[in-house]
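K.L.:
Below is one structure. I have some questions about it.
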């Protein structure tokens, strides 16, 4: 456990020193601009626009960081051979992987929390005081964070056995396919034979269902997010991430370094 | 000692435990379309490094030195064979607590300072915060980086990174130290400091295995050396044993001023200014000295001509190349 913590803390330090958190400046400018403009161009729906724009930005920026840094977590260490000295210490390979995973998730948590704060500040400028229902924005942000953790796990898995470029492609491909996983289950009567339908249904259950983490519509329109959805998404993310990281650990445990 | 004899000795279970024991270790890399072809990087390596000795692993570039070391450190996995360090299988990662490793051309997190990177590595050895602080400071001083400890590694030269690498390898006072090309990238002063550190480790009873292609370093430091060429161990033993210490002749260095007359020795001599150097069989030495004395020559030195480790090494490399060429010509 101590080894995982040490690697995770260093991964977070790396992200901070490599100025990954500078994306927050972009987010802050976006939110400030939106807060100023939205009052002039949208009457009565300022809050919806701010929340929608803010959550989308948190998600998109997070996905970019999770995908690109997730792939770089292991591949950069192998390319630059910084891994050699580390693996010669009493550190198991799976401990290194988990440390890297939690380090990036920690970075994304800080980043997402800072962006959520920015979103609330922008919201406060167009509508104050804030309402109790605005707390549901936090639920949406939490689910985005779960989604990002799952993307990091996938990126880590792919980077353990292929090139960084392909790993990004695979991760992005799985993400896009995962957005439509639920749709694959409900396709009926489009002229497909039963075998194909069964195959599509099987694939839909194998793919990570990223729609489980999307409650933006409900939050933007001021509807609540039931606790059951949050619990279900949390459990789903934990199980899926555990399976993906186990796969990554198995692959990486026998990987020959250059 | 010939390699086959070494293998027999290793199989004898009555032998006390060596610090590093390697048995029939081989590594093949797949290549080509679908990875169907195999390239042998290391073939059936069997050797043993005794506790407390400094062992030099010699070989030209691409001979299999780094492959062997990476196999020992579990950075790559063998196609066949086994190895043990301090009696434990190399698959046992806990054993890494007793091993120090300097990778070839080490590279560390460039966003960290030397102090931070050493502190980071020290954490994996379970040292307390106070112990870490003391050890890190001592190591920085030992490798001469005390004044540069707060500079990020991205601003370090190759030689400075090599020093950081050495410091992290011996930070936790390991029993066995494995150094892959430790002199690489260092200036003469740095090389001397590394030599001193290796000798200090030996004095403290540590086992040191280091790879190098700088033969003078090996001759100076090693109790024994192993020579690897083309992925195969070609010789193992003390440097003196390997090169056969019997003198191959004598060399006389002398000065001759004025007319040398018709001194027959001068026909074989090489002249540099007023100085002459001549090599001759040991049996002819005293007759030659008498002749030089008669010619009023000033004798500067008389030395034995011994084969060097370098000559032995070059002989092995050339033999290997000749064999490879023969195989290519015959189309096998």
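K.L.:
Would you confirm, using the coordinates I've provided, whether residue B:101 is modelled with pLDDT of 90 or more, closer than 27 Å to residue B:163 by Cβ, in the same structural domain as residue B:155 (by TED's automatic domain parsing) and touching a strand residue (DSSP E or B) at 6+ places or on another chain (Cβ under 6 Å)?
P.N.:
For residue B:101, the condition - modelled with pLDDT of 90 or more, closer than 27 Å to residue B:163 by Cβ, in the same structural domain as residue B:155 (by TED's automatic domain parsing) and touching a strand residue (DSSP E or B) at 6+ places or on another chain (Cβ under 6 Å) - is met.
K.L.:
How do the strands (runs of 3 or more DSSP E) wholly within the stretch B:179-298 filter down when requiring 3 or more residues that are closer than 30 Å to residue A:84 by Cβ: which remain? Talk me through it step by step, then tell me what you get.
P.N.:
Values: elements: B:207-212, B:224-229, B:232-237, B:250-255, B:270-272, B:275-280.
Result: B:207-212, B:224-229, B:232-237.
K.L.:
When the residues of the stretch A:126-141 are narrowed to those that are part of a helix (DSSP H, G or I) and surrounded by fewer than 17 Cβ atoms within 10 Å (Cβ to Cβ), which ends up nearest to the other protein chains (Cβ to nearest Cβ)?
P.N.:
Among those residues, the one meeting the criterion is A:138.
K.L.:
OK, next. Considering only the stretch A:152-206, how many residues are touching a residue at least 60 places away in the same chain (Cβ under 8 Å) and farther than 30 Å from residue A:77 by Cβ?
P.N.:
Qualifying residue count, the stretch A:152-206: 0.
K.L.:
Now for a separate question. Yes or no: the stretch B:153-168 includes at least one residue that is without any contact (Cβ under 8 Å) to a residue 40 or more places away in the chain, surrounded by fewer than 21 Cβ atoms within 10 Å (Cβ to Cβ) and out of contact with any helix residue (DSSP H, G or I) (no Cβ under 9 Å at 6 or more places or on another chain).
P.N.:
Yes, some residue in the stretch B:153-168 is without any contact (Cβ under 8 Å) to a residue 40 or more places away in the chain, surrounded by fewer than 21 Cβ atoms within 10 Å (Cβ to Cβ) and out of contact with any helix residue (DSSP H, G or I) (no Cβ under 9 Å at 6 or more places or on another chain).
K.L.:
How many residues does the stretch A:71-99 contain that are in contact with a strand residue (DSSP E or B) (Cβ under 7 Å, 6 or more places away or on another chain) and away from chain B (no Cβ under 13 Å)?
P.N.:
Adding up the residues that qualify gives 0.
K.L.:
With A:165, A:102 as the choices, which residue is away from every other protein chain (no Cβ under 14 Å), under 22 Å from residue A:20 (Cβ atoms) and out of contact with any helix residue (DSSP H, G or I) (no Cβ under 7 Å at 6 or more places or on another chain)? Spell out how you get there, then give the answer.
P.N.:
Working: A:102 fails: out of contact with any helix residue (DSSP H, G or I) (no Cβ under 7 Å at 6 or more places or on another chain).
None of the other options fit; the residue is A:165.
K.L.:
Identify the residue in the stretch B:71-89 that is touching a residue at least 60 places away in the same chain (Cβ under 8 Å) and facing chain A (nearest Cβ under 10 Å) and, among all such residues, is surrounded by the most Cβ atoms within 10 Å (Cβ to Cβ).
P.N.:
B:72
K.L.:
Kindly list the number of the only condition in (1) within 30 Å of residue B:154 (Cβ to Cβ); (2) over 15 Å from the mean Cα position of the chain (by Cα) that fails for residue A:133.
P.N.:
(1)
K.L.:
Among the residues of the stretch B:100-112, which ones are within 7 Å of chain A (Cβ to nearest Cβ) and closer than 20 Å to residue B:127 by Cα?
P.N.:
Matches in the stretch B:100-112: B:101 only.
K.L.:
Restricting to the stretch B:280-317, name every residue that is closer than 20 Å to residue B:57 by Cβ and without any contact (Cβ under 8 Å) to a residue 12 or more places away in the chain. If you could, list the steps in order and put the result at the bottom.
P.N.:
As a first pass, look at the stretch B:280-317 and keep what is closer than 20 Å to residue B:57 by Cβ: B:308-317.
Matches in the stretch B:280-317: B:314, B:315.
K.L.:
Moving to a separate point now. Within the stretch B:51-65, count every residue that is over 15 Å from residue B:83 (Cβ atoms) and part of a loop (DSSP other than H, G, I, E, B).
P.N.:
8
K.L.:
If you go through the stretch A:54-63 one residue at a time, do you hit one that is in a helix (DSSP H, G or I), crowded, with 20+ Cβ neighbours inside 10 Å, on the phi < 0 side of the Ramachandran plot and without any contact (Cβ under 8 Å) to a residue 60 or more places away in the chain?
P.N.:
The answer is yes, given that some residue of the stretch A:54-63 is in a helix (DSSP H, G or I), crowded, with 20+ Cβ neighbours inside 10 Å, on the phi < 0 side of the Ramachandran plot and without any contact (Cβ under 8 Å) to a residue 60 or more places away in the chain.
The values are calculated or read from the model by the stated rules, or taken from the named source; none is laboratory data. Just so you know, these numbers come straight off a predicted model, no measurement behind them. Backbone-built Cβ (ideal geometry, glycine too); neighbour counts: all protein chains shown.
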